[in-house]
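What follows is one structure encoded as structure tokens, with my remarks underneath.
The values are calculated or read from the model by the stated rules, or taken from the named source; none is laboratory data. Nothing here was measured: the structure is a model prediction, and the numbers come from that model. Note: ideal-geometry Cβ built from the backbone for every residue, glycine included; neighbour counts use all protein chains shown. Note: accessible area is taken over every heavy atom of the protein model, side chains too, but ligands, DNA and RNA are not part of it. Shrake-Rupley method; radii C 1.70, N 1.55, O 1.52, S 1.80 Å.
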Amino acid sequence: MSKNLIEIKNLKKEFKNNNTVIKVLKNVSLNIESGKLIALIGPSGSGKSTFLHLIALLDKPTHGKLKVFGNLTKDIDEDKKNKLIRDNISIIFQNNNLLADFTALENVAIPLIIRNQNYKASINKASKILDQVNLHHRLNHLPSDLSGGEQQRVAIARSIASETKIILADEPTGNLDYETSREVFSYFLKLKEKNKTILIATHNRELARKADYTLSLVNGVIKRVNV
Ligand SMILES: Nc1ncnc2c1ncn2[C@@H]1O[C@H](COP(=O)(O)OP(=O)(O)O)[C@@H](O)[C@H]1O
Ligand SMILES: [Mg+2]
């Protein structure tokens with residue numbers, strides 16, 4: 001397999017609303033290598049979430065080629081797609097990442113249990129990883145009893161536990177204060193050390209500067225930029 005985890009060629013994404021067509025992504029061609037931390041910046045409404053959803057296989061391109069792990073996504077059936085997502089892709093949103101009726105510990109363990117891993121081993125692993133993100137004292141809290149920063153750390157712990165190669169994060173620090181954003185971002189840097197591929201949509205230029213490189217999305221076009 002090539003070193004590119006994600007290959008995108010002439011990708012277009014349009015949304016049709018009544019009689020109008022919104023051209024969100026116009027002609028995107030880029031590759032994403034393994035083990036990179038990449039920031040995706042762009043004005044609100046420019047299509048950052050749309051782009052992440054395409055890579056997460058939650059939506060389909062209108063035109064063009066999207067290959068994830070060497071699989072041409074338009075050719076794969078639902079079963080294979082779901083397996084590809086489950087085994088390889090985590091997505092972290094700005095908020096509401098967690099299952100409200102489950103504790104922090106359960107939220108991290110559930111993806112492991114779903115993958116048929118042993119229940120007790122899953123709980124132990126989840127507990128260890130929550131410890132790594134400094135949440136050992138919050139294992140049995142429900143999401144509603146956690147702060148925004150703590151909730152995001154649980155969501156990151158869940159991606160660490162899942163060990164997916166690709167981690168997509170959609171403005172994960174958008175609702176956090178300065179210090180908490182920096183702390184949450186530090187865990188993404190740790191994930192990179194584990195050779196994960198991380199793509200983060202963010203408005204935070206200071207955090208973007210810590211990425212390996214930045215992609216800027218403006219008027220449907222994505223370019224590599226220096227921030
Ligand atoms: N499902 C959809 N149907 C119609 N339009 C959409 C849909 N999703 C996103 N859009 C439009 O696509 C554009 C890009 O949205 P989005 O990807 O959410 O931008 P960003 O995440 O950069 O703020 C916006 O104009 C938005 O209204
Ligand atoms: Mg968005």
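Would you be able to say whether some residue in the stretch 7-21 is exposed (fewer than 12 other Cβ atoms within 10 Å of the Cβ), more than 14 Å from ligand 2 (Cβ to nearest atom), touching a residue at least 12 places away in the same chain (Cβ under 8 Å) and farther than 16 Å from Leu215 by Cβ?
Taking the stretch 7-21 first, the residues exposed (fewer than 12 other Cβ atoms within 10 Å of the Cβ) are 16-21.
Within this subset, residues satisfying the condition of being more than 14 Å from ligand 2 (Cβ to nearest atom) are 16-21.
Imposing the further condition that a residue be touching a residue at least 12 places away in the same chain (Cβ under 8 Å) reduces the set to none.
No, the stretch 7-21 contains no residue that is exposed (fewer than 12 other Cβ atoms within 10 Å of the Cβ), more than 14 Å from ligand 2 (Cβ to nearest atom), touching a residue at least 12 places away in the same chain (Cβ under 8 Å) and farther than 16 Å from Leu215 by Cβ.
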Just checking, how many residues over the stretch 203-227 are closer than 18 Å to Pro43 by Cβ, open to solvent by 50 Å² or more (accessible area, probe 1.4 Å) and touching a Lys or Arg at 6+ places or on another chain (Cβ under 7 Å)? 2
Could you list all residues from the stretch 178-227 that are among the hydroxyl-bearing types (Ser, Thr, Tyr) and touching a Ser or Thr at 6+ places or on another chain (Cβ under 6 Å)? Ser181, Thr197
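Quick check on the stretch 186-202: of everything there that is open to solvent by 10 Å² or more (accessible area, probe 1.4 Å) and part of a helix (DSSP H, G or I), which residue is farthest from ligand 2 (Cβ to nearest atom)?
Within the stretch 186-202, the first condition is being open to solvent by 10 Å² or more (accessible area, probe 1.4 Å), and the residues that meet it are 186-187, 189-190, 192-196.
Subset that is part of a helix (DSSP H, G or I): 186-187, 189-190, 192-193.
Numbers: Ser186: 23, Tyr187: 21, Leu189: 22, Lys190: 24, Lys192: 22, Glu193: 27 Å.
This residue is Glu193.
Only one residue in Asn88, Asn97 is under 12 Å from the mean Cα position of the chain (by Cα) and either within 16 Å of ligand 2 (Cβ to nearest atom) or open to solvent by 60 Å² or more (accessible area, probe 1.4 Å) (or both), so which one is that? Talk me through it step by step, then tell me what you get.
Details: Asn88 fails: either within 16 Å of ligand 2 (Cβ to nearest atom) or open to solvent by 60 Å² or more (accessible area, probe 1.4 Å) (or both).
Of Asn88, Asn97, the one residue that is under 12 Å from the mean Cα position of the chain (by Cα) and either within 16 Å of ligand 2 (Cβ to nearest atom) or open to solvent by 60 Å² or more (accessible area, probe 1.4 Å) (or both) is Asn97.
Going residue by residue through the stretch 138-152, is there one that turns out to be in contact with a strand residue (DSSP E or B) (Cβ under 9 Å, 6 or more places away or on another chain) and open to solvent by 30 Å² or more (accessible area, probe 1.4 Å)?
Just the residues of the stretch 138-152 that are in contact with a strand residue (DSSP E or B) (Cβ under 9 Å, 6 or more places away or on another chain), to begin with: 152.
If we keep only those that are open to solvent by 30 Å² or more (accessible area, probe 1.4 Å) as well, we get none.
No.
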Of the residues that make up the stretch 50-59, is at least one open to solvent by 40 Å² or more (accessible area, probe 1.4 Å), more than 15 Å from Asp170 (Cβ to Cβ) and modelled with pLDDT under 95? no
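Does the stretch 160-185 hold any residues that are of a type outside the set (D, E, K, R), open to solvent by 50 Å² or more (accessible area, probe 1.4 Å) and not in a loop (DSSP other than H, G, I, E, B), and which are they?
Tyr178
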Scan the stretch 26-54 for residues that are under 24 Å from Leu189 (Cα atoms) and more than 12 Å from ligand 1 (Cβ to nearest atom) and report the count. 10
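From the residues in the stretch 140-159 that are outside any helix (DSSP H, G or I) and among the polar types (S, T, N, Q), which one is farthest from Asp212 (Cα to Cα)? Please lay out each step first, then the result.
Restricting attention to the stretch 140-159, the residues satisfying the condition of being outside any helix (DSSP H, G or I) are 140-142, 146-147.
Keeping just the survivors that are among the polar types (S, T, N, Q) gives 140, 147.
On the way: Asn140: 36, Ser147: 29 Å.
The selected residue is Asn140.
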Does Ser127 count as at pLDDT below 95, away from ligand 2 (no atom under 16 Å from the Cβ) and of a type in the set (Gly, Ala, Ser)? no
Under the condition of being more than 16 Å from Glu7 (Cβ to Cβ) and buried (at least 20 other Cβ atoms within 10 Å of the Cβ), which residue from the stretch 25-41 is farthest from ligand 2 (Cβ to nearest atom)? Leu37
Within the stretch 99-157, the count of residues that are in contact with a Lys or Arg (Cβ under 6 Å, 6 or more places away or on another chain) and small (Gly, Ala, Ser) comes to 1
